[in-house]
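Notes follow once the structure below has been shown.
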Amino acid sequence: MPRVEHVREELWDQATKEFRLKSLPTTPDVELAVLRDDIALDPGSETTLGSLEIPSGSVLRVTLLRCLTSDSRGALFPVVQNGGTIDNLYLSSPGEVLVTGDIEKPIYVLQGTVNLNLKAAFGSIYAGTIYGLTIHGYYSKQESLRYVT
């Protein structure tokens, strides 16, 4: 009877400072940081603050999400994946919100084209008001996920 051996290759992940299975590559770390103060929008309209194109056959596990505004009315940041809104990040007043997750329990698992937008939901937006978004995540292969996305 032939002997069968299974090999699970591991790689050193510089971002997390630990070994990860080669089937779950966590590098490169994806970061999209956007800070804008030159935006002017009419009520009800929206604009794209940032965009990500996730490679075919991969997903992006979002592990950190931060949004901020100096607008006294707060801000609404729709997250749009492949043309459909999957979440509306809402800040009710000036300041910032920080949400963290990890590779095993990400905030979002995204694929395809992802746009991070700013929507003028509370009236006109004038230039000089600060709006910002930061997103960090790790790519992994679609078939290597434990759960259906």
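The values are calculated or read from the model by the stated rules, or taken from the named source; none is laboratory data. Since the model is a prediction, treat every value here as computed from it, not as a measurement. Here the Cβ positions follow ideal geometry from the backbone for every residue, glycine too, while neighbour counts run over all protein chains shown. For the accessible areas, the whole protein counts, side chains as well, though only heavy atoms, and no ligand, DNA or RNA atoms are used. Shrake-Rupley method; radii C 1.70, N 1.55, O 1.52, S 1.80 Å.
Tally up the residues in segment 67-112 that are part of a strand (DSSP E or B) and in contact with a strand residue (DSSP E or B) (Cβ under 9 Å, 6 or more places away or on another chain), please.
The total comes to 26.
Determine if segment 118-141 includes at least one residue that is modelled with pLDDT under 90 and open to solvent by 60 Å² or more (accessible area, probe 1.4 Å).
Checked segment 118-141: at least one residue is modelled with pLDDT under 90 and open to solvent by 60 Å² or more (accessible area, probe 1.4 Å).
For segment 77-92, state whether one or more residues are of a type in the set (Val, Ile, Thr) and touching a residue at least 40 places away in the same chain (Cβ under 8 Å). Even if it seems obvious, please write down each step before you answer.
Residues of segment 77-92 of a type in the set (Val, Ile, Thr): 79-80, 85-86.
Keeping just the survivors that are touching a residue at least 40 places away in the same chain (Cβ under 8 Å) gives none.
No, segment 77-92 has no match at all.
May I ask you to list the residues in segment 24-55 that are surrounded by 13 or more Cβ atoms within 10 Å (Cβ to Cβ), in a loop (DSSP other than H, G, I, E, B) and at pLDDT below 70?
Within segment 24-55, Leu24, Pro25, Thr26, Thr27 meet the criteria.
Would you confirm whether any residue within segment 72-85 is modelled with pLDDT under 90, within 23 Å of Tyr131 (Cβ to Cβ), within 16 Å of the chain's Cα centre (by Cα) and open to solvent by 60 Å² or more (accessible area, probe 1.4 Å)?
From segment 72-85, those modelled with pLDDT under 90 are none; that's our starting set.
Checked against the condition, which is being modelled with pLDDT under 90, within 23 Å of Tyr131 (Cβ to Cβ), within 16 Å of the chain's Cα centre (by Cα) and open to solvent by 60 Å² or more (accessible area, probe 1.4 Å), segment 72-85 yields no hits at all.
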